[in-house]
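As structure tokens, the structure follows; a few thoughts come after it.
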Amino acid sequence: MGMHRRNSALDYRKKNRRKIYKTLLQLALLMVVGYSLFHVLVDTESYRMPDEKEWSNRQGFIALSYFGVSRTGTPKLIDKSQLDQQLQALKDQGYETVSQQDILNFYHNGTALPDKALFLSFEDGRNDSSLYAQPLLEKYNYKATFLSYADKVGSGDRKFLQPGDMRKMMKTGYWEMGSNGYRLSYINIFNRDGTFLGMKDENDLHNKDKVEYYNHYLMDFIRDENMIPVEDRAEMETRIGTDYKAMRTIYDDKLGFVPNVYMIMHANALNEGMNRLVSDANNANIKQIFKLHYNREGTAFNEAGADPFDLTRVQPAPYWYTNHLLMKLRKDTGQAMKFVIGDKERAKDWRVISGAAQFIDNRIALTSLPSGNGMMYLDPSDAYTDMTLTANLSGNVIGKQSVYVRFDRNKDSYLRVSLIDNELIVDEKRPGRVATRLFTRKLGEVDWKESDLALNKATVYSIEQTASGNSENQSEVDYPTNVKNTRELGVTVTGNALTIKVDGELQLEERQIDSSINAGGVALESGFSEMNHKDDIYDGVFDDIRIESIRTDGERNTVLYQNSFEGLDKIVSRVKNAFDSTIDWMIDTF
């Protein structure tokens with residue numbers, strides 16, 4: 001009995017200690033968040049006005065709009081450190097931000113802009129976007145437009161900024177306000193099996209991975225399960241006008257004014273594929289309420305002479321590395337870009353042949369050319385023969401990541417092991433011949449969450465399409481293009497035999513290769529997938545590369561190259577990752 005009491009007392013003390021540790025961790029997190037909020041909403045640091053007398057650009061400007069910002073990033077929100085890198089790169093290229101009035105003056109009065117002018121914005125009205133972006137705007141003296149949904153303004157939902165927060169932000173000079181509209185809501189929804197769901201607000205739309213057909217609230221007539229309109233023109237115009245009126249009323253009442261800038265949801269529909277009567281109803285309301293409208297998405301550059309109510313912007317995806325953004329801007333503007341390298345010591349061993357490479361600790365991010373490949377060659381590897389290469393390939397599932405071994409650039413011969421759209425593909429190229437395929441295998445399924453999915457196929461469908469469950473835009477793969485995954489790749493080549501492992505499982509064992517492929521170097525390659533219809537630039541991600549020679553005389557193998565954490569660095573990296581995971585869990589939970 002005595003022993004039982006002592007054990008119970010020990011258990012009780014252990015539980016108390018765990019409670020104390022948990023409480024201390026929560027208090028520490030609240031103090032960090034509280035300090036950050038104070039810094040964002042109370043600090044008196046103010047935006048420094050630029051010298052407009054130096055401006056001489058009358059060609060145009062780029063517009064970038066981030067969906068949102070978080071502490072360590074999500075499939076929808078950019079990592080604050082990644083945003084910092086991107087803004088730093090833009091600053092280094094010479095980009096300066098411009099205000100809404102600067103854009104209005106440019107179009108209506110012909111007033112000049114900075115040589116490299118940037119209109120920067122953050123959409124969706126999220127509290128964390130302002131929390132993490134504010135210090136960066138101060139750091140680079142950048143001005144941005146913060147966009148909200150009117151139905152969240154004054155709602156008391158602390159996930160979204162409220163009017164008092166917005167007024168404090170504007171006082172600093174770093175922020176202006178804009179609008180994404182009244183609300184985010186979908187109509188004419190069908191599942192892949194043809195089930196009609198009707199109309200749903202964003203928060204009420206579950207199982208998004210099963211949704212195949214839909215449109216946004218302002219983008220079509222409301223239709224029944226046979227895609228026949230259930231409202232006439234006058235009813236449609238009244239419905240759409242009511243949404244704009246509600247938005248205008250909320251901004252006037254809660255904020256004291258209606259923002260000048262509008263970014264409609266969804267982009268690329270108005271005046272394009274949608275019903276002309278619906279377009280006319282939207283345009284009539286927009287031109288009465290707003291002064292600038294970013295109607296399109298996908299191209300960054302807005303030229304002189306463009307319609308101020310039909311402007312375009314790029315929404316950088318959270319998975320974009322900095323060079324991805326710069327590659328996109330080079331494509332859209334035709335301007336030269338100075339790509340970021342990162343760790344220059346680690347970069348010395350590699351020669352970039354095409355695209356751009358960034359070295360980040362144990363990671364190499366290789367950005368492809370638009371509609372092309374990125375490629376880099378390991379300079380000390382010209383004479384590698386018998387060897388084992390291991391690496392973690394950590395880019396998006398939809399895309400191409402390749403490792404070349406025995407790559408003889410003079411004879412143009414190699415062995416190439418690729419992960420392409422979740423498929424393992426092995427190619428052999430003999431001197432003077434075209435590459436031949438040795439092996440293909442579909443890899444195991446990749447886990448991803450419904451929250452990773454962003455609906456991006458809104459349009460007007462026919463009843464034949466909804467009945468067949470097969471839209472022209474339906475993805476040919478089972479994964480959204482923003483889903484990341486890590487595969488551990490092992491490639492061993494000895495004599496005329498090739499062995500490959502993926503995630504520790506043997507995929508190819510001592511497959512015979514041509515004897516002419518007997519020596520050569522190591523190269524990495526990245527490439528876009530035609531299954532990604534929106535983005536033709538791809539970031540291949542190669543972590544923890546390690547290359548060892550294979551000795552046949554019984555001696556110990558020699559490490560020829562490694563780009564991985566070792567010893568204390570490895571321990572520190574693991575602790576940091578564990579800490580980040582804990583903090584993110586705390587933020588999501590509490």
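Points to keep in mind about this one:
- Taking region 391-418 as the range and being assigned to a strand (DSSP E or B) and closer than 16 Å to I537 by Cα as the test, the residues that pass are N396, K400, Q401, S402.
- Hits in region 93-109 (condition: in contact with an Asp or Glu (Cβ under 7 Å, 6 or more places away or on another chain) and in a helix (DSSP H, G or I)): Q100
- Being more than 26 Å from the chain's Cα centre (by Cα) and among the hydroxyl-bearing types (S, T, Y) is not true of T145.
- Residues satisfying the stated conditions in region 74-132, i.e. among the aliphatic types (A, V, I, L, M), under 15 Å from K53 (Cα atoms) and buried (at least 20 other Cβ atoms within 10 Å of the Cβ): V98, L113, A117
- The set of residues in region 115-157 that are in contact with a helix residue (DSSP H, G or I) (Cβ under 7 Å, 6 or more places away or on another chain) and among the hydroxyl-bearing types (S, T, Y) comprises S130, Y132, Y140, Y142, T145.
- Selection count, region 270-287, where residues are surrounded by fewer than 18 Cβ atoms within 10 Å (Cβ to Cβ), touching a residue at least 24 places away in the same chain (Cβ under 8 Å) and among the polar types (S, T, N, Q): 3
- Figure legend. Inter-residue proximity from region 423-448: first residues free of Cβ contacts under 8 Å to residues at least 40 places away in the same chain, second residues loosely packed, with under 12 Cβ neighbours inside 10 Å and of a type in the set (S, T, Y), beta-carbon distance below 7 Å, spacing 6+ or different chains. Indicated pairs: D427/T436.
So that you can scan it fast, the table gives a plain yes or no per residue for (1) in a helix (DSSP H, G or I); (2) more than 23 Å from F290 (Cα to Cα); (3) not assigned by TED's automatic domain parsing to the domain that holds L64:
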site: T111; (1), (2), (3): no, no, no
site: D115; (1), (2), (3): no, yes, no
site: S129; (1), (2), (3): yes, yes, no
site: G173; (1), (2), (3): no, no, no
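- Checking each residue in region 404-422 for being more than 22 Å from S371 (Cβ to Cβ) and either within 23 Å of the chain's Cα centre (by Cα) or in contact (Cβ under 8 Å) with a residue 60 or more places away in the chain (or both) picks out V405, R406, F407, D408, R409, K411, S413, Y414, L415, V417.
- Selection within region 336-359 - hydrophobic (A, V, I, L, M, F, W, C) and in contact with a helix residue (DSSP H, G or I) (Cβ under 9 Å, 6 or more places away or on another chain): A336, M337, F339, V340, I341, W350, A356, A357, F359
- Screening F196, F190 for residues that are surrounded by fewer than 19 Cβ atoms within 10 Å (Cβ to Cβ) and either farther than 30 Å from S121 by Cα or touching a helix residue (DSSP H, G or I) at 6+ places or on another chain (Cβ under 9 Å) (or both) leaves exactly one candidate, F196.
- Of the residues making up region 203-221, those that are over 12 Å from N275 (Cβ atoms) and part of a loop (DSSP other than H, G, I, E, B) are L205, H206, N207, Y217.
Residue-wise test of (1) among the polar types (S, T, N, Q); (2) at pLDDT 95 or above; (3) assigned to a strand (DSSP E or B); (4) buried (at least 16 other Cβ atoms within 10 Å of the Cβ).
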residue	(1), (2), (3), (4)
E476	no, no, no, no
Q507	yes, yes, yes, yes
I537	no, yes, no, yes
R546	no, yes, yes, yes
K576	no, no, no, no
M586	no, no, no, yes
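- Taken together, the residues in region 329-386 that are among the hydrophobic types (A, V, I, L, M, F, W, C) and part of a loop (DSSP other than H, G, I, E, B) amount to 7.
- Residues in region 319-362 that are among the aliphatic types (A, V, I, L, M) and within 23 Å of A523 (Cβ to Cβ): L326, M327, V340, I341, A347, V352, I353, A356, A357, I360.
- Some residue of region 330-338 being outside the structural domain of L90 (by TED's automatic domain parsing) and in contact with a strand residue (DSSP E or B) (Cβ under 6 Å, 6 or more places away or on another chain): yes
- Boolean, G298 is in the same structural domain as R233 (by TED's automatic domain parsing) and out of contact with any strand residue (DSSP E or B) (no Cβ under 8 Å at 6 or more places or on another chain): no
- Per the listing N215, N207, the residue uniquely in contact with a strand residue (DSSP E or B) (Cβ under 6 Å, 6 or more places away or on another chain) and touching a residue at least 40 places away in the same chain (Cβ under 8 Å) is N215.
- Within the set A317, A246, A306, A267, the sole residue that is small (G, A, S), surrounded by fewer than 16 Cβ atoms within 10 Å (Cβ to Cβ) and touching a strand residue (DSSP E or B) at 6+ places or on another chain (Cβ under 9 Å) turns out to be A306.
The values are calculated or read from the model by the stated rules, or taken from the named source; none is laboratory data. All values derive from a computational prediction rather than experimental measurement. With ideal geometry, Cβ positions are generated from the backbone for all residues, glycine too; neighbour counts draw on all protein chains shown.
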